[in-house]
1. Expressed as a whole number of Å, what is the distance separating the alpha-carbon centroids of region 285-316 and region 332-395?
2. Counting Lys and Arg as +1 and Asp and Glu as -1, what is the net charge of the other residues whose Cβ lies under 12 Å from the Cβ of ALA320?
3. Counting other Cβ atoms within 10 Å of each Cβ, which GluC sites (Glu not before Pro) in region 250-313 have at most 15 and sit in a DSSP loop?
4. Within the chain, which is the longest segment containing none of the chymotrypsin sites (Phe, Trp or Tyr not before Pro) that sit in a DSSP loop and have at most 11 other Cβ atoms within 10 Å?
5. So how compact is region 131-277: Cα radius of gyration and Dmax in angstrom?
6. Straight-line reach from LYS354: which lysines have a Cα under 17 Å away, not including same-chain ones fewer than 8 places off?
7. Amide H of ALA170 versus every other amide H placed in the peptide plane: which residues, excluding those fewer than 5 positions away on the same chain, fall under 5 Å?
8. Which cross-chain or sequence-distant (5 or more) residues have an amide H under 5 Å from the amide H of PHE215, H modelled 1.01 Å from N in plane?
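Each reported figure results from applying straightforward, stated rules to the coordinates on display, with no laboratory input. Since the model is a prediction, treat every value here as computed from it, not as a measurement. Because the Cβ atoms are built from the backbone with ideal geometry, glycine has one as well, and the counts that use them run over all protein chains shown.
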Amino acid sequence: MPEINCIKLMRNQKSLSINHISKTLGINWRTAKKYADEDDLPVEIERKKSGMMYEQKWGEIVGDWLWEDQKLKRKERRNNKGIFSALQEMGFKGSYRTVSYFIKEWREGREDIEDETKDKNYERLIHPPAEAQLDFGLMQAVQDGKYKDVHCLVMSLPFSNAAYVIPLPAENQECLLYGMKMIFKQLAGIPKKIRIDNMKTAVIKPRNRNEEAVFTDEFLHFANHYGFEPQACNPYSGNEKGSVENKVGYVRYNFITPAPVIEDLEHLTRLLEQQLTTDRQRIHYKKQVPLQELLEEEHQYLLELPEEEYPVFKEEKVKANKYGEITLDKVKVYVPKAYNYTGLSVVKYWNRFKVLSPHGEILYEDNRPYMHKNREIPWKSILKAWLSKPRSVPYSRFSTYLPGRVYEYFNISNLSIRKERINWVLALLATHDMNEINKEFYDLLNGQTDALKDPEAHPYDIDWNKYDQLQKAPEIEGEVR
């Protein structure tokens, strides 16, 4: 700047020529001309980020995911590892750190930072083998095109850091005992001690300074049969079973987020068992050996399974009203001929029930009401969000929940056509649900405008009359295809 200022002074105040300034200062004539006669205004530097997350499609995809997840509860959002794994399946060649740095930058200024003033230090505990911790975690899956709340019973073995999970429809006593029985089967053994919180299905009265916790008779009967010692935490002391608390979150963020598409709870049980078996090949964070090796070491301390399984059921007396209805799981259930008897017996299992007359006759048998309890996916708000970001549709977590015909209908590269189709389906949602739209797709398609349904109008379209013919035909035994 002092040199530029000198050139300006010689030119403007002393009225020297460019040649004279160039010879006096020993600089190039063009340089003297530039700083003598041209304005030298400061220019704001445009900072443009570089790298594969900014120069390729990956940053836009991750940004769409994070933007989509902000509308969900925190426990239903993807974590960094889940996002990285999903990108790898799409052909991403970058590192986990690259994705984490991008997510951190994206979230700055978008999420509130909690003011944490508490001391974060914990007392380090030593966990002996064959001791377990148990807890429920509420998660969700997608079944038949609707959300289904799943109560996952999670058991953690702190010594090996191994985990076992059984998805259940509720958190009642029948589900608790059935889930524990299934976990013992998968583990092929029984922990000597199992720590639980003060869940009402197992604990009648929490422990206090003078008395130990009082367990229900059914839970004690179950514990005596399998030989483990139940331990209840102090009231409001979830940190006393911190291993399983962390494991519930680990299962939710790594295996159930986004919500998986399942056929039924047995299907989800098999999926989780396979994923957790594979997960035990990772290295223990502290002991630096695979979890599977630690679990095998822990097996020698476990109790043996009893020869007979514990039958999990609960029987109670009920009385029908004059309409032949009984109340089960807070739902009115109609039972044929129920009002003919002064009293009935209901035998409840974890997933079904049966109603018996006083003479032992089975009057009615069915699945428990909560087995049919599902929640609608909020397709209206999802489609409205897709209208503003049509490019995000193929990468959205919700696209896998679409029924087959609607999914293929949206799976088109032309974004303007995709927006038109989203608008059309959004209008149909006022009078139909998504499954009805998929079922009556051809009839509804015939009512579209010509611009939307004519394959020649859009060169990227497909012939919907041949769509179902492209599906894989069922195999017939003995037939060669």
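1. 32 Å
2. Net charge in that neighbourhood comes out at +4.
3. Of the GluC sites (Glu not before Pro), the ones in loops of region 250-313 whose Cβ has at most 15 other Cβ atoms within 10 Å are GLU263, GLU304, GLU307, GLU308, GLU309.
4. Between exposed loop sites, the widest span is 324-459.
5. 15.2, 52
6. LYS314, LYS317, LYS319, LYS330, LYS332, LYS337
7. When sequence neighbours closer than 5 places are left aside, the close amide H contacts are HIS151.
8. Under 5 Å from the amide H of PHE215: ILE204.
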